[in-house]
Amino acid sequence: MIPVVIAALHTTETDEEFEHMIRELESLCEACDLEVADVVTQSLPHPDNATWLGSGKAEELVYHIRATDAGYVVCLSNLSPAQMKNLQKITGIPVWDRTNLILEIFSRRARTREARLQVETAYLQYLLPRLSGMWQHLGRQSGGGGSRANKGIGEKQIELDRRQISRRITELRKELAGIEKTRDVQRRGRSRDGFARVALVGYTNAGKSSLMNRLLEMSGPGPEKTGDRKVFEKDMLFATLDTSIRKITLPGRKSFLLSDTVGFIENIPHDLIKAFRSTLSEVEYADVLLIVMDSSDPHHRMHRQVTEDTLKSLDVKDIPRIYVYNKADIRDGDLTVENIPGSDTVYISARTGYGIEDLTDRLFEIFREGSRKISILIPYSEGRVLNRIHKEAEILREEHRAEGTYVEAICPAALANSLLQADGDPDGPDEI
Ligand SMILES: Nc1nc2c(ncn2[C@@H]2O[C@H](COP(=O)(O)OP(=O)(O)OP(=O)(O)O)[C@@H](O)[C@H]2O)c(=O)[nH]1
Ligand SMILES: [Mg+2]
């Protein structure tokens with residue numbers, strides 16, 4: 001692991017907030033395989049325009065770097081291009097701000113082609129205003145940062161000039177648009193299957209993937225199959241980067257599609273969220289959002305706010321939500337919180353299974369709230385449509401007529417929409 005020194009500037013936040021921000025940055029370093037060797041703090045009424053920390057503190061930082069043989073300085077906030085350049089000149093080693101660190105984690109964690117292209121786009125966008133002399137003066141590499149394999153994506157990009165970068169961004173956007181188109185086609189295919197779509201969203205490390213795995217365990221078809229379908233969960237920030245979609249079939253319930261995706265974090269630049277838009281598109285098209293929070297974390301209120309703000313920046317507004325307070329098993333205070341039926345706030349533990357049934361009860365209530373009563377005449381040649389209605393809807397009346405099967409049924413919103421949309425026939429389905 002490469003040793004790093006954290007530089008933290010304390011301005012207007014409370015001591016408690018400042019401490020919390022440092023802890024979070026340490027976790028981010030850990031998620032990036034960096035070892036925090038030292039933390040240098042400075043209090044100023046506002047950041048110094050030239051060096052962020054102030055020139056005296058920046059000089060002091062050099063001693064800490066030498067003493068720990070640090071390969072990078074990691075800053076607590078986001079720096080202006082000029083502040084970054086100046087601090088790099090003084091320290092002689094690469095300086096990362098918070099966004100740069102998050103981009104590094106993303107670049108290491110991205111698995112699918114789409115995620116990799118998104119990270120590269122976001123990185124190049126971040127790099128453009130910082131190009132002038134950003135790495136040129138770095139005469140030496142200290143610590144473990146010497147070999148090319150250990151270098152960050154930033155240093156590897158040094159050879160590219162601004163024009164090449166702009167050209168590359170255009171190429172990447174084109175390729176991403178193509179991937180998005182394919183995703184759209186897949187999504188339309190899935191919506192023709194009529195399953196309700198549920199998306200897990202929330203702050204990173206809240207337990208979204210664990211909740212998905214818990215629901216998979218409760219879902220068919222058998223434990224061997226469940227193993228392959230499980231998603232990666234870990235006590236680490238940004239464990240999940242790619243979107244996974246799984247069909248959940250709980251005993252006696254209609255199947256629904258559940259998506260798990262990248263978590264949110266405070267102070268993430270708008271461009272970075274935009275770069276992840278296509279990964280997050282499952283959220284935009286969901287019928288219900290499960291906003292997952294770590295209820296044992298004293299900052300869960302702030303996490304909820306960050307999640308709501310991020311959703312707003314993605315233009316996600318009117319989708320029904322359930323606020324899922326996870327990790328109830330390690331929560332301080334009243335451990336025996338009773339869930340109130342019909343409430344949009346549900347306490348659960350993905351680990352022990354506490355409250356999961358309350359959550360699924362509420363989820364199915366919401367599905368029913370959006371459901372519609374329709375009548376449809378299905379030609380005998382369309383057995384597939386009839387099968388689907390049997391699987392997903394509540395049948396009120398069924399008659400075998402000369403032209404086909406006449407059905408009156410209460411359909412979940414997703415199925416009703418797809419039947420009504422697919423219908424071009426005046427004798428086809430009607431809402432009743
Ligand atoms: N005690 C306790 N721990 C939990 C619970 N749910 C999840 N965890 C732990 O919390 C950590 C994070 O869980 P994940 O499911 O990976 O969280 P996530 O929201 O998917 O996180 P990212 O993918 O990083 O955004 C893991 O170590 C889990 O074992 C719970 O109900 N109780
Ligand atoms: Mg996850």
Practice item. Report whether or not Thr68 is at pLDDT 95 or above and not assigned by TED's automatic domain parsing to the domain that holds Thr243. Key: yes
Check your understanding: Quick check, is Lys234 among the basic types (Lys, Arg), without any contact (Cβ under 8 Å) to a residue 60 or more places away in the chain and either part of a helix (DSSP H, G or I) or away from ligand 2 (no atom under 13 Å from the Cβ) (or both)?
Key -> no
Check your understanding: Just one of the numbered conditions (1) surrounded by 15 or more Cβ atoms within 10 Å (Cβ to Cβ); (2) part of a loop (DSSP other than H, G, I, E, B) is not true of Ile374; which one?
Key -> (2)
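Yes or no, residue by residue, for (1) modelled with pLDDT under 90; (2) closer than 19 Å to Tyr325 by Cα; (3) outside the structural domain of Asp33 (by TED's automatic domain parsing); (4) out of contact with any Leu (no Cβ under 7 Å at 6 or more places or on another chain):
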{"position": "Tyr203", "(1), (2), (3), (4)": "no, yes, yes, yes"}
{"position": "Lys208", "(1), (2), (3), (4)": "no, yes, yes, no"}
{"position": "Arg214", "(1), (2), (3), (4)": "no, yes, yes, yes"}
{"position": "Asp228", "(1), (2), (3), (4)": "yes, no, yes, yes"}
{"position": "Arg253", "(1), (2), (3), (4)": "yes, no, yes, yes"}
{"position": "Leu257", "(1), (2), (3), (4)": "no, no, yes, yes"}
{"position": "Asn267", "(1), (2), (3), (4)": "yes, no, yes, yes"}
Review point. So which residues in the stretch 269-290 are away from ligand 2 (no atom under 16 Å from the Cβ), modelled with pLDDT of 80 or more and in a loop (DSSP other than H, G, I, E, B), if there are any at all?
Key: Tyr285, Ala286, Asp287
Practice item. Answer yes or no as to whether Lys208 is more than 14 Å from the chain's Cα centre (by Cα) and within 12 Å of ligand 1 (Cβ to nearest atom). Key: no
**Study point:** Residue list for the stretch 238-266, filter: among the charged types (D, E, K, R) and farther than 13 Å from Val201 by Cβ
**Key:** Asp242, Arg246, Lys247, Arg253, Lys254, Glu266
Point to revise | Criterion violated by Leu215 - all others in (1) within 16 Å of ligand 2 (Cβ to nearest atom); (2) under 16 Å from the mean Cα position of the chain (by Cα); (3) outside any loop (DSSP other than H, G, I, E, B) satisfied | key: (2)
Check your understanding: Among (1) in the same structural domain as Asp294 (by TED's automatic domain parsing); (2) part of a strand (DSSP E or B); (3) modelled with pLDDT under 90; (4) not aromatic (Phe, Trp, Tyr), where does Ile395 come up short?
Key -> (1)
**Study point:** Selection status of Gly353, at positive phi, over 24 Å from the mean Cα position of the chain (by Cα) and outside any helix (DSSP H, G or I)
**Key:** no
Practice item. Can you tell me which residue among Leu280, Leu241, Leu258 is of a type outside the set (Lys, Arg), without any contact (Cβ under 8 Å) to a residue 40 or more places away in the chain and surrounded by 21 or more Cβ atoms within 10 Å (Cβ to Cβ)? Key: Leu280
Review point. If you check Thr240 against the conditions, is it assigned to a loop (DSSP other than H, G, I, E, B) and within 10 Å of ligand 1 (Cβ to nearest atom)?
Key: yes
Exercise for review: Go through the stretch 75-115 and give me each residue that's basic (Lys, Arg) and surrounded by fewer than 17 Cβ atoms within 10 Å (Cβ to Cβ).
Suggested key: Lys89, Arg108, Arg111, Arg113
Study note, to complete from the structure: Those residues of the stretch 257-302 which are of a type in the set (Asp, Glu) and more than 16 Å from Asp315 (Cβ to Cβ) amount to Asp260, Glu266, Asp287, Asp294, Asp297
Review point. Out of (1) more than 30 Å from Gly383 (Cβ to Cβ); (2) within 14 Å of ligand 2 (Cβ to nearest atom), the odd one out for Ser259 is which?
Key: (1)
Practice item. Go through (1) within 13 Å of ligand 2 (Cβ to nearest atom); (2) loosely packed, with under 15 Cβ neighbours inside 10 Å and name the single condition Gly207 misses. Key: (2)
Exercise for review: Taking Gly92 as the residue in question, decide whether it is on the phi > 0 side of the Ramachandran plot and at pLDDT 85 or above.
Suggested key: yes
Study note, to complete from the structure: Scanning the stretch 184-201 for residues that are of a type in the set (A, V, I, L, M) and at pLDDT below 90, the one farthest from ligand 1 (Cβ to nearest atom) turns out to be Val185
Check your understanding: Any idea how many residues of the stretch 58-74 are without any contact (Cβ under 8 Å) to a residue 40 or more places away in the chain and surrounded by 17 or more Cβ atoms within 10 Å (Cβ to Cβ)?
Key -> 1
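The values are calculated or read from the model by the stated rules, or taken from the named source; none is laboratory data. Because the structure is a prediction, the values reported are computed rather than measured. Cβ atoms come from the backbone with ideal geometry, glycine included; neighbour counts cover every protein chain shown.
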